[in-house]
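The values are calculated or read from the model by the stated rules, or taken from the named source; none is laboratory data. If you're wondering where the values come from, they're calculated on a predicted model, not measured in any experiment. Cβ atoms come from the backbone with ideal geometry, glycine included; neighbour counts cover every protein chain shown. The accessibility values were calculated without ligands, DNA or RNA, using every heavy atom of the protein model including side chains. Shrake-Rupley method; radii C 1.70, N 1.55, O 1.52, S 1.80 Å.
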Amino acid sequence: MSTELFDRPLSVVNVGIPWFCDGIRAAGAEAIQVDWRPPALPPNVMAAFARHAERITAANQEAVSRILSARPRLVTLGRALDLIPGMTPDTILHAGPPIAWPRMCGPMQGAVMGALLYERRAGTVEEARDLAASGAIRFSPCHDHASVGPMAGIISASMPVFVVRNDEVGAQAFCTMNEGLGKVLRYGAYSPEVIQRLDWMADLLFPVLAEAVKALGGIDLRAIIAQALHMGDEVHNRNRAATSLFLRILAPAIVETAARDAAAEVLRFIDGNDHFFLNLSMASCKVSLDSARGIPSSSVVVAMARNGTEFGVQASGTGSAWFTAPAPVPDALFFPGFSKADANPDIGDSAITETAGLGGFAIAAAPAIVQFVGGAARDAVGYTLAMYEITAAEHTAYRIPGLDFRGTPVGIDLVKVARTGLQPFIDTGVAHREPGIGQVGAGVVRAPIEPFLAAARALAFALEPTLKES
Amino acid sequence: MTSGTVLTGSYFDSVALMAAAVQLRKLPGVQDVALVMATATNKAILHSAGMLLPSFAGAKDEDLLVAVIADNGDAAAAALGAVDDALRGGGPSLPPDAPRTLHGGVAALPSASLALISVAGRFAADEALDALRLGLHVMIFSDNVPLEREVELKHLARNRGLLLMGPDCGSAIINGAPLGFANVVRRGSVGIVAASGTGLQEVSTIVSNQGAGISQALGTGGRDTLREVGGIMFLEALRLLTDDAATAVIVLIAKAPDTEVVPLISRAARRSDKPVVTAFLGVSHDGPGPWAFSATTLEEAGIAAATLAKGDDVSAIPQILAARRSEMKAIAASIRPSLAPSQRFVRGLFSGGTLRGEAASIMMPLVGSFAGDLRRSASAERASAPRGGMHSLVDLGADEFTVGRPHPMIDYSLRCRRLVQEARDPGVAVILMDVVLGYGAHPDPAGELAPAIQDAQRIASEGGRTLPIVVSVTGTAADPQRLPSVQDALREAGAVVAPSNAAASYLAATIAAGRDA
């Protein structure tokens, strides 16, 4: 046994009775108090994880190494029907875990109706509602089609989508273009101005961007995200820097490839929408995380997503199963005239950013939006630091200046969530609970713990089929 | 009347529960309050305390049980109504970014060398395993860790060159820093390995008060010297001290070490060229080991170690001990004549199990047998009721007494109550108590005990008796409570303060035996 214990100053991690720190500190030694809580799963399940710790750790290392080595790049744009696997003219993709029309929340139903109006499948709101409820439309989660969508996350057949490619493995992910704030489809609005904007995006924005991206030979999104984190973004609730960087790269190519008026219109539109990059951030995260799917024994989460009714989780080692719980209503700052009573439960695939170690997990990088988390930069740092306790790795490309360039916490580990009871922390926008109204605020939400515990339990039974329910 | 409630799915740390229970017990008409998580162990303990209500049967581990014994329904209802507030008030607040796991703690304190674990026993082993995997030395203060987990952890620790103190390791001092319940002692050349927390505290304070000092004091937990564990960490700790340049004298403390383990310890001690003092309590004859001094009490061990550390000859030790005994005899002789003929029995009210054991071994030859094992009694309250016609030494730190309430080193209420009860018994000749100071212990024990001592002596005096109350105080002048202040305050309240638990035990027995022993 080494005697190094006696040869250097004592330094203690105190897990339990807090006042034990007093005597240690009075003697001039260092002590840190751990705010310990009991595991959230029964001892027999936790014991199974302990027995298979090496297997789980090895599988998780494989999962995070795939996530970290992903190189997401915007390669082109195209029509959903032509590109998205499994897409049909009668299919509408939505955010979150699977859900049938009658159980969809107001904003999601509104967005579906808007999409049917946009697709000219219905001429009136009533027709759109009847068609959606008729059974003629097939609803399917974006996530099951290599896609993601913010808020309602609606993708219909003729919508243009970004194609983000992970050059490392050749896989692709898809996401629509961001419409901006106010009355927009993703928040459940479907008025004529909403449809007009979508038409403009398909008719003008889409071809201009497609040409420019083609001229540029693609855009490295990982590099933009890495820089944006150094400029105050966490690329979920704040995308101002990333959108600016994107625009800087894109602008010359647009000017070179588009007609003068069209170029000005497109540049002005992107410049006027701080969240334009959000959909690219989400697709980057999606394509990175998809590479970590299907690794047996891995407890790394590959998707967190909400459909406005339920919060769903998928993990690498539990196949394509969704584990769900009712979606929580976010704590938010509301726009004037709105309150929590107006808020829809949490909605959108944008929690894919947190799943990939960005968004709420990287909020320490975004002091400009700390009013969402208590107002002090220190609070934001606290939230990020807490997430290191439930993640498998630190990002090698995405780093936080305020934490001495420490990599963001990445790869939510179901076992660690169960062990600590610590809920993933998510930045989020808030939709009005009624369709057609739109965004009413923005804030933060703690993921409900039940889906993580259910997924962890499923993994434990996969590891040990003979495990007994306690 | 006993009443209670189940709060489902609400985990609270046991420390918060204890703090809340102390608060609720102060409410008018409330006799006792237990706040415990509904584990099988806690239910069994509640049962033995007569506080397990039928409504608790279906409660699960993550549910909180609240049981109240009160004078009437109103008092009980008031106590139950105050539970929420009491729980919210309990426990110090932590910064919002306090780490939530051991891993988080190490990330925040990269210099960490040791994990001190005091979470509920059923979780402690997993935390310790994590700590060992992180390369940390470990002290497990928690008890109720299964024996097989202890063995597994200790093997792993040894293989990794790490120290694993505990489970149920109450006390240690490393590089001068007190861990768990421990005292502020002089630094010096005496190294201690102890399978007993209060044993470690008693010996380290005696060494310090004798003018010598402690290099390192390592605990192993009480079970380490059982056959099943085989002294794994006792031997490792002994080796650490053997190799430690700052340690010149080694003290080994264990309660009844296994006969298969003692030879292993002897062999390891033989490899050390440092003088080794043993205090193997409850072992009638530990053989002609390679010991510089083989003590039968903690006091002897402490004095012997201090003597050796100061370079004095061990032959001086018997004289020092004899002098101390004469002093106690003289005090006994001055007290004895004031006792009534009915006053024949000793009542010991202990907070330290090892101190109770030491007292029993000293007193047995002087006063004969004691009342039987009180742990088997169905109700803690009944067990703690006065027992006429016998000597008795009660360890109020035993599980039955600590259900839903803090250890008696932290909470003196039960001891004060019991002290007053004993004073009513005309058969009681002398009351004996230990007071343990240091970090972890009550900040003002004299303030708690003094009114009860005065009450007890007034009650005895109203019955026409004098009631000597003999107290020993384990501590040092550098402890936060300050030994001399505590001793003075206890004397002022009317107690006789002895210099050690052994001396106090000898004094009490001599008073009760009524003859020179």
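Among the residues that make up region A:68-79, is at least one of them closer than 30 Å to residue A:133 by Cα, charged (D, E, K, R) and more than 11 Å from every other protein chain (Cβ to nearest Cβ)? Yes, the conditions are met somewhere in region A:68-79.
Select from region B:328-359 the residues that are open to solvent by 10 Å² or more (accessible area, probe 1.4 Å) and touching a helix residue (DSSP H, G or I) at 6+ places or on another chain (Cβ under 8 Å) and write down the one among them that is nearest to residue B:397 (Cα to Cα). Once the filter is applied, the top-ranked residue is B:353. Can you spot a residue in region A:93-102 that is part of a helix (DSSP H, G or I) and modelled with pLDDT of 95 or more? Yes, region A:93-102 has at least one match.
Here's a check for you: in region A:274-308, which residue that is assigned to a loop (DSSP other than H, G, I, E, B) and out of contact with any Ser or Thr (no Cβ under 7 Å at 6 or more places or on another chain) is nearest to residue A:227 (Cα to Cα)? Going through the qualifying residues, I end up with A:291. Among the residues of region A:36-56, is any without any contact (Cβ under 8 Å) to a residue 12 or more places away in the chain, within 7 Å of another protein chain (Cβ to nearest Cβ), within 23 Å of residue B:18 (Cβ to Cβ) and surrounded by 21 or more Cβ atoms within 10 Å (Cβ to Cβ)? Checking region A:36-56: not a single residue is without any contact (Cβ under 8 Å) to a residue 12 or more places away in the chain, within 7 Å of another protein chain (Cβ to nearest Cβ), within 23 Å of residue B:18 (Cβ to Cβ) and surrounded by 21 or more Cβ atoms within 10 Å (Cβ to Cβ). Taken over region A:315-351, the criterion of being at positive phi and open to solvent by less than 30 Å² (accessible area, probe 1.4 Å) is satisfied by A:348 alone.
Looking across region B:95-107 at every residue that is in a loop (DSSP other than H, G, I, E, B) and either more than 7 Å from chain A (Cβ to nearest Cβ) or of a type in the set (Gly, Ala, Ser) (or both), the one that is least open to solvent (accessible area, probe 1.4 Å) is identified as B:98. Each residue in region A:371-395 was checked for being away from chain B (no Cβ under 12 Å) and touching a strand residue (DSSP E or B) at 6+ places or on another chain (Cβ under 6 Å), and 3 pass. Listed by first and then second residue, the pairs with beta-carbon distance under 7 Å, at least 6 apart or on different chains, first residue in region A:65-79 and part of a helix (DSSP H, G or I), second open to solvent by 60 Å² or more (accessible area, probe 1.4 Å), are A:68/A:396; A:69/A:168.
Check B:316, B:309 and return the single one that is open to solvent by less than 50 Å² (accessible area, probe 1.4 Å) and in contact (Cβ under 8 Å) with a residue 12 or more places away in the chain.
Working: B:316 fails: in contact (Cβ under 8 Å) with a residue 12 or more places away in the chain.
Among B:316, B:309, only B:309 is open to solvent by less than 50 Å² (accessible area, probe 1.4 Å) and in contact (Cβ under 8 Å) with a residue 12 or more places away in the chain.
Among residues that are over 30 Å from residue A:465 (Cβ atoms), open to solvent by 20 Å² or more (accessible area, probe 1.4 Å) and either in a helix (DSSP H, G or I) or away from every other protein chain (no Cβ under 11 Å) (or both), residue A:5 is not included.
Which helices (runs of 4 or more DSSP H) sit wholly inside region B:415-517 and have at least 3 residues that are in contact (Cβ under 8 Å) with a residue 60 or more places away in the chain? Lay out the reasoning, then the answer.
Working: elements: B:445-462, B:483-493, B:501-513.
Those helices (runs of 4 or more DSSP H) span B:501-513.
Of all residues in region A:404-427, those being of a type in the set (Phe, Trp, Tyr) and within 13 Å of chain B (Cβ to nearest Cβ) number 1. Scanning region B:108-133 for residues that are in a loop (DSSP other than H, G, I, E, B), at the interface with chain A (Cβ under 7 Å from one of its Cβ atoms) and not small (Gly, Ala, Ser) yields B:109, B:119. The residues listed here are A:88, A:124; of these, the one that is hydroxyl-bearing (Ser, Thr, Tyr), touching a Leu at 6+ places or on another chain (Cβ under 9 Å) and without any contact (Cβ under 8 Å) to a residue 24 or more places away in the chain is A:124. Is it the case that residue B:288 is modelled with pLDDT under 90 and out of contact with any helix residue (DSSP H, G or I) (no Cβ under 8 Å at 6 or more places or on another chain)? Yes, satisfied. Among the numbered conditions (1) in contact with a Gly (Cβ under 8 Å, 6 or more places away or on another chain); (2) more than 14 Å from chain A (Cβ to nearest Cβ); (3) within 26 Å of residue B:440 (Cβ to Cβ), the only one that residue B:67 does not meet is (3). Within the span defined as region A:243-250, every residue fails to be over 26 Å from residue A:359 (Cα atoms), open to solvent by 50 Å² or more (accessible area, probe 1.4 Å), small (Gly, Ala, Ser) and part of a helix (DSSP H, G or I).
Pairing residues of region A:446-470 that are over 17 Å from residue A:51 (Cα atoms) and touching a residue at least 12 places away in the same chain (Cβ under 8 Å) with residues that are open to solvent by less than 10 Å² (accessible area, probe 1.4 Å) and assigned to a loop (DSSP other than H, G, I, E, B), at Cβ distances under 8 Å and at least 6 apart in sequence or on separate chains, gives A:446/A:424; A:447/A:424; A:452/A:424.
Name the single residue, out of those in region A:155-175 being farther than 21 Å from residue A:186 by Cβ and at pLDDT 95 or above, that is least open to solvent (accessible area, probe 1.4 Å). It comes out as A:166.
Do we have residue A:267 as over 30 Å from residue A:57 (Cβ atoms) and part of a helix (DSSP H, G or I) here? Outline the logic, then answer.
Details: over 30 Å from residue A:57 (Cβ atoms): yes; part of a helix (DSSP H, G or I): yes.
Criteria met by residue A:267.
Return the residues of region B:181-222 that are within 14 Å of chain A (Cβ to nearest Cβ), closer than 19 Å to residue B:353 by Cα and open to solvent by 10 Å² or more (accessible area, probe 1.4 Å); say none if nothing qualifies. Residues satisfying the conditions are B:181, B:197.
Set side by side, the residues A:356, A:418, A:380, A:366 differ, and just one is modelled with pLDDT under 90 and surrounded by 24 or more Cβ atoms within 10 Å (Cβ to Cβ), which is A:380.
Taking the criterion of being crowded, with 21+ Cβ neighbours inside 10 Å and of a type in the set (Lys, Arg), the residues of region B:415-454 that qualify are B:415, B:418. Mind listing whichever residues of region A:246-297 are in contact (Cβ under 8 Å) with a residue 60 or more places away in the chain and in contact with a strand residue (DSSP E or B) (Cβ under 7 Å, 6 or more places away or on another chain)? If the condition is that a residue be in contact (Cβ under 8 Å) with a residue 60 or more places away in the chain and in contact with a strand residue (DSSP E or B) (Cβ under 7 Å, 6 or more places away or on another chain), then A:279, A:280, A:282, A:283, A:284, A:286, A:287, A:288, A:289, A:290, A:291, A:292 are the ones that fit. Each residue in region B:178-229 was checked for being closer than 15 Å to residue B:281 by Cα and of a type in the set (Asp, Glu), and 2 of them qualify. Only residues that are on the phi > 0 side of the Ramachandran plot and of a type in the set (A, V, I, L, M, F, W, C) were counted across region A:405-440, and they come to 1.
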